[in-house]
1. Which numbered condition in (1) aliphatic (A, V, I, L, M); (2) more than 22 Å from the chain's Cα centre (by Cα); (3) closer than 18 Å to I120 by Cβ is the only one that L79 fails?
2. Please pick out the residue among P223, P277, P268 that is not basic (K, R) and not in a loop (DSSP other than H, G, I, E, B).
3. For the range 119-169, name all the residues that are over 25 Å from P181 (Cβ atoms) and of a type in the set (A, V, I, L, M).
4. Checking I237 against (1) under 29 Å from P101 (Cβ atoms); (2) within 13 Å of the chain's Cα centre (by Cα), which single condition isn't satisfied?
5. Hey, any hits in the range 84-106 for a residue that's under 19 Å from the mean Cα position of the chain (by Cα), of a type in the set (D, E, K, R) and either at pLDDT below 95 or under 25 Å from P218 (Cβ atoms) (or both)?
6. Write out, first by first residue and then by second, each pair whose Cβ atoms fall under 6 Å of each other, whose residues are 6+ apart or on separate chains, and whose first residue, in the range 145-161, is under 22 Å from G232 (Cα atoms) while the second is part of a strand (DSSP E or B).
7. How many residues are hydroxyl-bearing (S, T, Y) and touching a strand residue (DSSP E or B) at 6+ places or on another chain (Cβ under 6 Å) if we restrict to the range 104-131?
8. Could you list, in sequence order, all residues of the range 131-164 that are under 22 Å from T112 (Cα atoms) and of a type in the set (A, V, I, L, M, F, W, C)?
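The values are calculated or read from the model by the stated rules, or taken from the named source; none is laboratory data. Just so you know, these numbers come straight off a predicted model, no measurement behind them. Quick reminder, even Gly has a Cβ in these numbers, built from the backbone with ideal geometry, and neighbours come from all protein chains shown.
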Amino acid sequence: MHDVSFWVIFGSDKSGHYGRFWALLALFFAVTTVVFSQKMGRAAELAPEAREQLRRAEDTLAVFAFAITNDTSSEMRFLACKSLITGLVRALKTENSFRYPFERLSSVSILTPPDSSFRIFTWQLFVDDSTYRHYGAIQMNQRELKLFPLIDRRFELGAMPTREALPPNRWYGAVYYNLKPFDTRQGRMYLLFGLDGHSFFEKRKVMDVLSFDAKGEPVLGAPVFERNGQLGEHRLILEYSADAKVKLNWDDYYKMVLFDHLIPWPSPHTGGITHVPDGSYDGFKYEKGRWVFVEKVFRDSQEEAPRPYPVLDDKNRRDLLGRPPKTKGQRR
């Protein structure tokens, strides 16, 4: 057994609920790592008693999850988030809890890859107009709980930390909405597609990479993205105006990652420069363990410029409203 300390640092408090700064909150989770082979197997079916226990726990957790995104009080959102963390970890300590889906946690994203080797929980706390915090954990598919807390350190990582691998306690926080496995020479990896609330006027979409090292520890970010024949980018981060809608996801029809091409645009809110989609798409295509950048994915063109139907020949004659000419005896 070993203890994992889940440290969560909150930003400055502008509402006055907790004084000038949020307190440093230490939540200690005793997470069991079992060394006996009979305990290391994958999670089996849940016993009826365990399922009922988790169902009752989910009743309470669902209330906290709803309050995190719907309560108008920043203090109550914070307390709901704290209660969700402690209650969820307590519930996950139930043997074979990996088999319980927690479907009623409305504000919590729970993603499981096709190989069911793990699942990842993520959610977001709206602190105030300019601050969001993200929370998450990776649960391995085992009978006894093996959990890796994800600690949001976005504000310590620089403006755009796209070229470094990060341990789970230095996570670039986001709420993940999709997961895509792929294979490399180093082993199986997973693309994680997420939303970062970032700030009031600017949002971010993130494509990160999850892998596990030789010790079974998660690593976030990997140099698998290739641009102009060069590898080095560990994750993709798109920052854009909060007024815009931006796509970043795996597209199963085109068998590639597609995302909006962003261009600079004057911000009507800050007076500075923001970014918005220009209607075209870039992408990444999988090739032998790496993701190769594709600029302007769609290059459809016509031999002639589009033009309206002719209006002067008798066959296609129309008036200004697009109506055919009237015949003798016909009234309009």
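1. Just one mismatch for L79, condition (3).
2. Numbers: P223 fails: not in a loop (DSSP other than H, G, I, E, B); P268 fails: not in a loop (DSSP other than H, G, I, E, B).
Only one candidate passes the filter, namely P277.
3. Within the range 119-169, L125, V127, L157, A159, M160 qualify.
4. Answer for I237: the failing condition is (1).
5. So far as the range 84-106 goes, yes, one or more of its residues are under 19 Å from the mean Cα position of the chain (by Cα), of a type in the set (D, E, K, R) and either at pLDDT below 95 or under 25 Å from P218 (Cβ atoms) (or both).
6. Short answer, once both residue conditions are applied: M160/I237.
7. The qualifying residues number 4.
8. The first filter runs over the range 131-164 and keeps only residues under 22 Å from T112 (Cα atoms), leaving 134-152.
The answer is A137, I138, M140, L145, L147, F148, L150, I151.
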